[in-house]
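Notes for the one structure printed next.
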Amino acid sequence: MRKIPGVLLVVVIASAVAAQHLVAQDDSTTARIERLEQQIRINDRLREIWQDSVATVLKAAPVISASRDGFSIRSADNAFSLRIKGYVHSDGRYFLSDSLKPGTTQFLLRRVRPIFEATVFKIYDVRIMPDFGAGTTVLQDAYIEARFAPGFRVRSGKYKPPVGLERLQSATDIVFAERGLPTNLVPNRDVGFQVAGDLFQGRVSYAAALMNGVPDVSLGDGDNNDDKDLAGRIFFTPFRNSTGNLLQNLGFGVSGTLGNQVGTPTTTGAGLAGYRTAGQATFFAFRNNNALNGTTIADGRITRVSPQANYYAGRFGFMGEYVKTKHRVSLNGVVETIPVEAWQVVGTFGLFGGSPSFRGINPKKAFDPKAGGWGALELAVRYGRLTVGDEAFPVYADSTTQARQASGLGIGFNWYLNRNVKLVTSYEQTKFKGGAATGNREKESVLFSRVQFSF
Amino acid sequence: MLKRSMILTVGFLAAAGSVATAQRAVTLLNVSYDPTRELYQEYNTAFAAYYKQKTGVTVNFQQSHGGSGKQARSVIDGLEADVVTLALAYDIDAIAQNARLLPANWQTRLPDNSSPYTSTIVFLVRKGNPKHIRDWNDLARPGISVITPNPKTSGGARWNFLAAWGYALRQPGGNEARARDLVTRIYKNVPVLDAGARGSTTTFVQRGIGDVLIAWENEALLAVKELGPDKFDIVMPSVSILAEPPVAVVDKNAGRHHTTEVAQEYLRYLYTDAGQDIIARNYYRPRNQAIAARYANIFPKMTLFTIDEVFGGWSKAQPLYFGDGGIFDQIYQGR
């Protein structure tokens with residue numbers, strides 16, 4: 001057997017040691033890489049978990065928002081919210097022919113109304129809206145509503161009874177500074193409860209209310225008798241879901257009230273209201289000398305019925321309503337039923353920037369000349385008439401001072417700078433029949449201006 | 001006039017109300033824990049068909065899943081669950097005690113303490129078990145990376161914790177100090193605490209982190225099924241804990257939603273042969289022994305202890321180990 005040379009043996013041993021070292025080194029490097037990879041994965045996962053936690057926290061956090069619809073804070077699941085809204089009407093009224101001083105040219109804060117709305121447990125709403133306009137404080141709305149289903153909502157509190165079409169339109173959306181003559185004949189606000197809803201995908205809206213009952217155009221916070229009034233309204237928009245249909249925004253319906261009112265001479269207005277022009281001058285009132293002998297009082301059944309319709313297509317808008325009331329009144333024990341009727345038609349035309357709707361115009365571009373935005377301009381025309389039945393004269397109302405008919409013609413321009421700011425200019429002329437010792441009461445010509453800020 | 005007005009109004013309300021209640025479909029919200037997604041997905045379909053055939057009523061389901069403790073907190077805070085199917089009885093007790101949405105004796109209303117299925121805690125390891133993990137004490141070895149969720153939010157994690165603790169107590173010479181030492185060393189090896197069991201599975205299986213996942217048996221079996229037996233092995237420790245996830249109708253919520261009857265039937269159906277079969281197919285151990293025998297190859301026999309035997313029940317274990325400042329907090333903050 002040949003001997004392995006010593007040198008070769010040393011080389012072999014050295015190589016073996018080196019190889020072993022290299023393998024150990026390889027193992028160590030692999031392990032280090034694996035450890036580092038693990039650490040990177042762990043860091044990535046921790047970041048992922050942290051991001052998930054942040055997302056979860058954000059998802060559960062209340063949402064605060066400020067938009068053209070107001071300011072709100074709501075829970076992440078929308079079950080609870082508080083919304084703060086409001087509007088201000090800064091008006092000017094300029095009487096152009098007032099030798100008999102039916103009204104006073106003046107600047108006034110017509111409406112100053114903060115609105116607080118809240119929702120709890122998803123379906124229970126509350127709305128509170130006081131009015132500080134004209135330096136007085138009046139609670140306009142304060143009601144609680146439960147939305148059990150789109151077709152079944154229950155409301156309790158003080159709110160607009162479901163009667164007059166223009167009355168049901170928000171004060172921020174009416175096209176003239178003041179509502180028209182028919183609004184004289186419908187209740188303003190009353191206390192009671194109401195069931196309402198939208199059926200058949202919103203094609204039919206109904207409302208039925210049981211309320212204290214208030215005189216025409218009046219607000220009430222309580223009652224002076226045990227009788228309660230029923231108010232109801234049904235309104236159809238049969239084509240509302242037919243996109244592109246020319247009749248999509250056609251609506252029509254009828255409303256009415258049925259109740260008893262009993263007035264006393266000590267009650268302001270004796271349970272009966274006076275009727276006002278657009279300039280807010282009273283052109284008709286029943287006799288009232290604040291004494292039992294000589295004051296016409298509400299004395300029994302009062303009924304109202306009001307067919308109504310509106311229609312909007314493209315740049316055109318139309319609204320019309322008719323109201324007929326019958327009041328049972330008495331004077332010195334002599335009883336009579338007095339019919340009063342009123343109607344109006346209102347036409348609107350979007351000159352530029354947007355299309356009219358029941359909720360006003362939402363300008364396509366807000367006023368910003370540098371960006372080419374001019375807001376939206378709307379032309380509005382209306383004609384209306386209110387007629388008090390002959391039965392009222394001369395016993396229950398003084399024909400030498402109270403007009404038996406008022407006819408109003410108005411034209412106006414509304415410039416929507418954006419959804420929140422609107423400038424209103426309108427001219428309204430009202431002519432009368434009767435109301436003067438000889439002939440007719442002097443016509444009223446009023447120019448209105450309004451700056452509206454709403455949010 | 002007043003009387004007529006009242007009669008008309010009441011009549012109108014009654015008519016509107018009867019229209020509103022004339023419904024033929026109900027929706028149940030089942031608030032459950034993390035790994036039951038697949039189980040209830042299949043079960044809900046089967047129950048809806050069964051109930052439709054029986055009553056003509058369509059049942060729609062909303063499922064909510066998350067760490068069991070977190071889910072209980074959500075129900076207490078107003079999540080309107082009709083039924084809860086959580087990881088441990090303590091979480092439903094918390095709903096009963098803090099929100100009074102169901103009676104304190106809820107567990108007596110259904111068989112087997114209202115636990116229609118059981119499970120246990122096992123180890124999921126990488127294929128071939130390269131770190132040679134055989135039992136609980138292997139998890140405490142230096143260099144072993146252990147994945148388990150956070151016991152403060154996850155019911156499964158609490159079972160994991162107590163399983164390790166119970167193992168240590170049952171070893172020769174086992175006592176509280178040794179158990180605490182073992183569990184402390186295990187948590188030193190935990191690099192990531194997920195909020196729930198499903199999150200931990202994601203960490204281990206999809207993100208490739210860790211050497212071992214302490215997992216619900218059903219979650220481990222599901223992972224092997226979904227990702228293939230060539231990627232993971234399941235290791236059964238020498239001893240583990242018998243987990244009994246309970247179910248209950250949340251009386252007040254169900255009453256408000258007019259779903260009490262269907263909610264009760266929903267839980268009772270879990271005990272039927274059909275329900276137990278779905279349970280077994282989804283890797284939960286069925287209570288019905290005949291069904292269990294059919295799936296014996298999936299569920300090997302193990303030595304299991306109960307929480308009552310070793311810890312005196314959840315009412316004692318929860319505050320001691322998992323309450324604020326409890327043993328888990330002491331262990332984890334001291335890492």
The stretch B:229-240 - phi-based ³J(HN,Hα) in whole Hz, Karplus 6.51/-1.76/1.60, Gly and Pro as x: x, 7, 10, 9, 10, 9, 10, 8, x, 5, 8, 8
Values of log10 I(q)/I(0), in the order q = 0.07, 0.11, 0.14 Å⁻¹, for chain A under a Debye, Cα-only, solvent-free model: -0.45, -0.96, -1.46
0 to 90° range, to nearest 10: angle between helix A:6-60 axis and chain A longest Cα axis: 10
Under the Debye formula (equal points on every Cα, no solvent term), log10 I(q)/I(0) of the stretch A:175-235 at q = 0.16 Å⁻¹: -0.64
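Determine by what factor the alpha-carbon radius of gyration of the stretch B:103-180 differs from 2.2 N^0.38 Å, reporting the quotient.
1.40
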Overall Cα dimensions of the stretch B:147-228, principal axis frame, Å, largest first: 41, 22, 21
21 Å Cα-Cα reach of B:Lys188 towards lysines, excluding residues that sit fewer than 8 places from it in its own chain: B:Lys131, B:Lys152
Inter-chain shielding of A:40-50 (mean C-beta neighbours from other protein chains, 10 Å cut-off): 5
Highest to lowest packing among B:86-99, A:335-348, scored as the average C-beta count within 10 Å: B:86-99, A:335-348
Semi-axes of the equivalent ellipsoid for the stretch A:355-411, Cα gyration tensor, largest first, Å: 46, 11, 8
Measure of compaction for the stretch A:244-313 (Cα Rg per 2.2 N^0.38 Å): 1.67
Relative contact order (percent, whole number), the stretch A:89-201, Cα cutoff 8 Å, 6+ residue spacing: 18
Under 5 Å, built H, 5+ apart or other chain: amide partners of B:Leu29: B:Gln62, B:Asp82, B:Val83
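Most exposed first by the Cβ proxy, i.e. fewest other Cβ within 10 Å, how do A:Asp229, A:Asp223 rank? Let's see the in-between values first.
Values: A:Asp229 27, A:Asp223 18.
Taking fewest neighbouring Cβ atoms as first place, the list is A:Asp223, A:Asp229.
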Cleavage-rule hits (trypsin sites (Lys or Arg not before Pro)) in the stretch A:58-99: DSSP loop, at most 16 neighbouring Cβ within 10 angstrom: A:Arg68
Per-bin percent of Cα-Cα distances, the stretch A:361-455 [10 Å]: 15, 31, 21, 17, 12, 4, 0
Semi-axis lengths (Å, descending) of the ellipsoid that matches the C-alpha gyration tensor of the stretch A:206-340: 36, 17, 11
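How compact is chain B by the rule of thumb for globular proteins, expressed as Cα Rg over 2.2 N^0.38 Å? Write out the running numbers ahead of the final one.
Values: Rg = 22.5 Å, N = 335, 2.2 N^0.38 = 20.0 Å.
For chain B, the normalised Cα radius of gyration comes out at 1.12.
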With 20 Å bins from 0: P(r) over the protein assembly as shown, alpha-carbon pairs, percent: 13, 32, 22, 20, 10, 2, 1, 0
Debye intensity ratio in log₁₀ form over the Cα atoms of the stretch A:103-149, taken at each q of 0.17, 0.18, 0.26 Å⁻¹: -0.59, -0.62, -0.89
Options A:Gly375, A:Leu292, A:Thr282, ranked by Cα towards positive dipole end of the stretch A:255-384, top entry (Cβ charges): A:Gly375
Kyte-Doolittle at least -1.0, axis length at least 24 Å by Cα - qualifying DSSP helices, chain B: B:2-21
Anchor B:Lys252: lysines whose Cα lies under 19 Å away (excluding residues fewer than 8 positions away in-chain): A:Lys122
Interatomic Cα distance distribution for the stretch A:230-269, bins of 10 angstrom, percent: 24, 24, 21, 15, 12, 4
Which listed pairs, of A:Lys59/B:Lys70; A:Lys85/A:Lys365; A:Lys85/A:Lys370; A:Lys422/A:Lys443, have C-alpha distances above 20 Å, in listed order: A:Lys85/A:Lys365; A:Lys85/A:Lys370; A:Lys422/A:Lys443
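Which net charge results when you count Lys and Arg as +1 and Asp and Glu as -1 among the other residues whose beta-carbon is under 10 Å from that of A:Arg45?
0
None of the figures in this text is laboratory data; all of them are computed from the coordinates on show. Everything numeric here is computed off the predicted structure, so don't read it as measured data. A quick note on method: Cβ atoms are made from the backbone with ideal geometry, for glycine too, and the neighbour counts reach across all protein chains shown.
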